[in-house]
Structure formats: C-alpha cells, structure tokens
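S.K.: I am attaching a structure below and will ask some questions about it afterwards.
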Amino acid sequence: SYARLAELSKGKDTTTGHWEMVGVHIKNGFPTYPQGFPKEVMQEFEKQIGRGSLANYPASGTEIIEKLGKEHVETGKPIVYTSADSVFQIAAHEEVIPLDELYKMCSIAREILKDQHAVARVIARPFIGSDGNYTRTANRRDFALLPPHKTTLDHMKKAGMDVIGIGKIEDIFAGQGVTKAIHTKSNMEGVDITIEQIKKDSRGLIFTNLVDFDMKWGHRNDYVNYGRALEEFDLRVPEIL
C-alpha cells in the first residue's frame, strides 16, 4: 500500500515532523529564538548551574566551537546556542565540563524551559581537541519533550509488537513507545542497520531517522550535497525492498 501525504502541523522541526507521523498534531509551533533566549531564562539557568555562559544566539555547532572554544576552555563557561529549530544546545569540552555534569546542565535547562518557553529539545553537544582543532564527539544527548498523548508507537508497544527506533528516534520521543533503540552516526550506517533489523525475526515497526540529511546538509541549505545524499540513499532502496 502507499499514500500521498500532506503536512498538517504548525512547524518544520524534527520533533513536529516525527510526532505528526505517529498521530500527534501540533496546532502551535514550538518556540524558536532567532534573537537568543530571553534574559529571565538565561539568568535562571546560570543561577542553577553556578556559572555564566557564552554566546546565546543561533549558530552552526561546528563554527561556534571554533569561535568560542578557547574562551570556553579558559573560563569553564558552557556555550549556549540555538538554530532555526526549537532547540537549546549546550556545547562543552569533555575535559572542562565532564559528560555527567553537561547532562545535568541539560536536565536543569529542560526543567526551566516550560510553558511558553517549552522548546522541543535540549541538546548536549560535547567536543574534544585543542584551539583550532575542536571536534564534536558521539556523546551527544537529546532531552526531548514527551508527546502530549499516546502515539502509534505506544499503541504498538502495548499490543506486544516491536518498535525498533534507529538513529535519533529514541531521543525524539524521549524513549516513549520504543522497545529497542539503536543509535547511528551516518545515513549509510542507518540503512545498514535497518536492513539488518528487517532480516531479523521481529514483528511490528522499524522507524529509522537518517541523520546526515538534517545534520550535515539540511541546516546548512547545502542543496548540492543534499542531492548527492538522496542519490546515495536511492541506490540502497533496492536492498531495502
């Protein structure tokens, strides 16, 4: 069976799109912050983490750590930034702010960002390296809002079926309704693991997010490499079928 679908929810971000696919329609889009987060949010965040912060504006994650990484290492202040999506992102060097502490900062931010400031995701963005050579690590972690009501995933899980989330799926749904989660680092790893799971004796849903489309090409409006990635994926479709 196949169908042609049209978007219904207000918003264009990761959470809105994935929630809509499983029955949650957002009437009002999640808040975005093109001018950075308001003073009352940042003051409360800094008060609770016991230190100041850097940046507080929309930026590319790779560019902002190159720009502010040295100051962050010298001061110990986390780098807070956002994007076109409804996200509160915290970047920190793993040797300056250990992962447990970074994740705790994200949990604090998640508690603060409620009601009119209920962003879709708070994201830990750890990195390593030295000035001029910083690189993000695979220890990213998303702190998502829970869906406002049960989704298709919950109903399938309750019915005793498998709900296998590949890529960012577990993070997008804050683990709700997922019976097995496999995280990936690239589109092609996502395809490989999807095919592996198809061949296994499971019954239910395999829900895959191919991370590179969004992370590498979509946010940067790089239509040339986005097109190449689509062609690369198209070549794998016969294997999936």
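The values are calculated or read from the model by the stated rules, or taken from the named source; none is laboratory data. Just so we're clear, the structure is a prediction, and the values are computed from it rather than from any experiment. Here the Cβ is made from the backbone with ideal geometry for all residues, glycine too, and neighbour counts use every protein chain on show. Side chains are part of the model used for accessible areas, which takes the heavy atoms of the whole protein and leaves out ligands, DNA and RNA. Shrake-Rupley method; radii C 1.70, N 1.55, O 1.52, S 1.80 Å.
S.K.: Test of understanding: extend the Cα→C-beta vector of Ala3 to 7 Å, then name every residue of the range 122-158 with backbone N under 17 Å from that spot.
M.R.: Taking a point 7 Å out along Cα→Cβ of Ala3, the residues of the range 122-158 whose backbone N falls under 17 Å are 151-156.
S.K.: In what sequence, highest mean first, do 79-88, 128-137, 186-195, 46-55 appear when ranked by Cβ atoms within 10 angstrom?
M.R.: The densest-packed peptide leads the list: 79-88, 186-195, 46-55, 128-137.
S.K.: On to the next question. Report ³J(HN,Hα) in whole Hz for each residue of the range 163-179, in order, from the Karplus equation J = 6.51 cos²θ - 1.76 cosθ + 1.60 where θ = phi - 60°; Gly and Pro get x.
M.R.: So the J values, rounded to whole Hz, are 10, 9, x, 10, x, 7, 4, 4, 5, 4, 9, 6, x, 6, x, 9, 9.
S.K.: Quick one: 3J(HN,Hα) in Hz for the range 97-114, Karplus 6.51/-1.76/1.60 with θ = phi - 60°, rounded, Gly and Pro as x.
M.R.: Result, rounded to whole Hz: 10, x, 3, 4, 5, 4, 5, 5, 4, 5, 4, 4, 4, 4, 5, 6, 7, 10.
S.K.: Rounding to the nearest 20 debye, state how big the charge dipole of the chain is about its Cα centre with +1 on each Lys and Arg Cβ and -1 on each Asp and Glu Cβ.
M.R.: Using Cβ point charges on Lys, Arg, Asp and Glu, the chain gives about 600 debye.
S.K.: Okay, next question. Can you list residues whose amide H is under 5 Å from Phe88's amide H, if they're 5+ apart or on another chain and H is modeled 1.01 Å from N?
M.R.: The list, which skips near neighbours in sequence, is Arg121, Val122, Ile123.
S.K.: Can you give me the distance in nm between label points at Met42 and Tyr226, each placed 7 Å from the Cα along the Cα-to-Cβ direction?
M.R.: For Met42 paired with Tyr226, the spin-label model returns 3.0 nm.
S.K.: Dividing the convex hull volume of the Cα atoms of the range 73-210 by its residue count, what figure in Å³ per residue is obtained?
M.R.: Spelled out: Cα convex hull of the range 73-210, divided by residues, is 130 Å³.
S.K.: Using the Karplus curve 6.51 cos²θ - 1.76 cosθ + 1.60 with θ = phi - 60°, work out ³J(HN,Hα) for each residue of the range 198-213 in order, rounded to whole Hz, and write x for Gly and Pro.
M.R.: 4, 6, 7, 8, 10, 9, x, 10, 10, 10, 10, 10, 8, 5, 5, 3
S.K.: Treating the beta-carbon of each Lys and Arg as +1 and of each Asp and Glu as -1, no other charges, what is the dipole magnitude of the range 44-106 about its Cα centre, to the nearest 20 debye? Show your work: numbers first, answer last.
M.R.: Values: 6 positive and 11 negative charges, 36 e Å.
It comes to approximately 180 debye.
S.K.: Stretched out fully, how many nm does the piece from Lys12 to Gln116 gain, at 0.36 nm a residue minus the Cα gap?
M.R.: Gain in length upon complete extension: 35.6 nm.
S.K.: Still on this structure: Summing +1 for each Lys or Arg and -1 for each Asp or Glu, what net charge is found among the other residues whose Cβ lies under 11 Å from the Cβ of His25?
M.R.: Its environment carries a net charge of 0.
S.K.: I've got another one for you. Taking amide hydrogens as modeled 1.01 Å from N in the peptide plane, which residues meet the under 5 Å criterion relative to Tyr57, leaving out close sequence neighbours?
M.R.: Thr82
S.K.: Within the range 169-200, what residues put their amide N at less than 18 Å from the label point 7 Å along the Cα-to-Cβ vector of Ala159?
M.R.: It comes to 177-180, nothing else.
S.K.: Another question, if that's okay. With a 1.4 Å probe and every protein chain left in place, work out the accessible area per residue of the chain in Å², rounded to a whole number.
M.R.: With all protein chains present, the chain gives 55 Å² per residue.
S.K.: To continue, here is another question. Quote to one decimal, in nm, the extra length available between Leu99 and Ser60 on full extension: 0.36 nm per residue of separation minus the C-alpha distance between them. Each step should come with its number before you reach the end.
M.R.: Details: separation 39, 0.36 × 39 = 14.04 nm, distance 2.11 nm.
Stretched out fully, the Leu99 to Ser60 stretch lengthens by 11.9 nm.
S.K.: Also, quick follow-up: Take the cross-link list Lys39/Lys77; Lys158/Lys180; Lys77/Lys168; Lys168/Lys199; Lys47/Lys77 and give me the ones stretching past 19 Å between alpha-carbons.
M.R.: Numbers: Lys39/Lys77 17 Å; Lys158/Lys180 14 Å; Lys77/Lys168 27 Å; Lys168/Lys199 21 Å; Lys47/Lys77 13 Å.
Lys77/Lys168; Lys168/Lys199, as the Cα separations exceed 19 Å there.
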